[in-house]
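To start, the structure itself, in C-alpha cells.
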C-alpha cells in the first residue's frame, strides 16, 4: 500500500498524507504540486516515488524505528543541487565545489529525512533535486519542493511502514 499525498482545496501548499489508518496534515512546496518539476520552481513533484533511505540527526534523537535503510546525518553531508554537476541530485560531502544543500541543519527540518526516488534513475539535469519527506517548520512555512510532516507524525509513519514503500503525490484525492 502506498502513502498518498495531495493538497487541500483551499491551499496548494498544505496537504494531507494518508497511509492505512493514518491521516496527517502536511506541508508541500511553495509552488504547490506539479507534474513538470524543474530545479528551483519550489514545487512538489506529482508522481509515484520509492522511499529510498532515512537519515536522522543522532545528536537530536535516537535512531528512528523503521524497516527502511537508515543512517545518521554527518556534519559534512550535503546534497548536490547544481544541474550541471555530475553528482546532481546525489549525496556529497561538504565543502563541495558546486552548489549543494547542507543536510546538517540547525533549524530541525532535517532531524529526520526520507529520500524519495524522484529524478534518480536516471538523473535528468534540471528536473529537480533533494526531494524529501522531512520535518515541518514550526510556522508551517511551505517547503522548497518536499513533503513535510510534524516530527512525531513522520516517526509514526516510519514505524508503520513494511519496508519497500512508495509515495504517490497527487494533484487531488
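For residues that are within 14 Å of residue 127 (Cβ to Cβ) and in contact (Cβ under 8 Å) with a residue 12 or more places away in the chain, scanning just segment 32-41, find the one that is surrounded by the most Cβ atoms within 10 Å (Cβ to Cβ). Write out each step before concluding.
Of the residues in segment 32-41, the ones within 14 Å of residue 127 (Cβ to Cβ) are 34-41.
In the following step, the residues that additionally are in contact (Cβ under 8 Å) with a residue 12 or more places away in the chain were identified as 34-35, 37-39, 41.
On the way: 34: 20, 35: 11, 37: 25, 38: 16, 39: 18, 41: 17.
Going through the qualifying residues, I end up with 37.
Return yes when residue 47 is more than 22 Å from residue 137 (Cα to Cα), surrounded by 16 or more Cβ atoms within 10 Å (Cβ to Cβ), in contact (Cβ under 8 Å) with a residue 40 or more places away in the chain and within 17 Å of the chain's Cα centre (by Cα) and no when it is not.
yes
Tell me which residues, restricted to segment 134-173, are free of Cβ contacts under 8 Å to residues at least 40 places away in the same chain and under 14 Å from the mean Cα position of the chain (by Cα). Write out each step before concluding.
At the first step, the residues of segment 134-173 found to be free of Cβ contacts under 8 Å to residues at least 40 places away in the same chain are 134-135, 138-139, 152.
Within segment 134-173, 134, 135 meet the criteria.
Before we move on, is residue 134 farther than 17 Å from residue 40 by Cα and part of a strand (DSSP E or B)?
Details: farther than 17 Å from residue 40 by Cα: yes; part of a strand (DSSP E or B): yes.
So residue 134 fits the description; yes.
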Those residues that are in contact with a strand residue (DSSP E or B) (Cβ under 9 Å, 6 or more places away or on another chain), more than 17 Å from residue 149 (Cα to Cα) and part of a loop (DSSP other than H, G, I, E, B), I need them from segment 18-41; list them, please.
-> 31, 35, 36, 37, 41
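A short reminder: the numbers here are calculations on the coordinates, not readings from a lab. Here the structure is a predicted model, which is why all the values come from computation and not from measurement. A quick note on method: Cβ atoms are made from the backbone with ideal geometry, for glycine too, and the neighbour counts reach across all protein chains shown.
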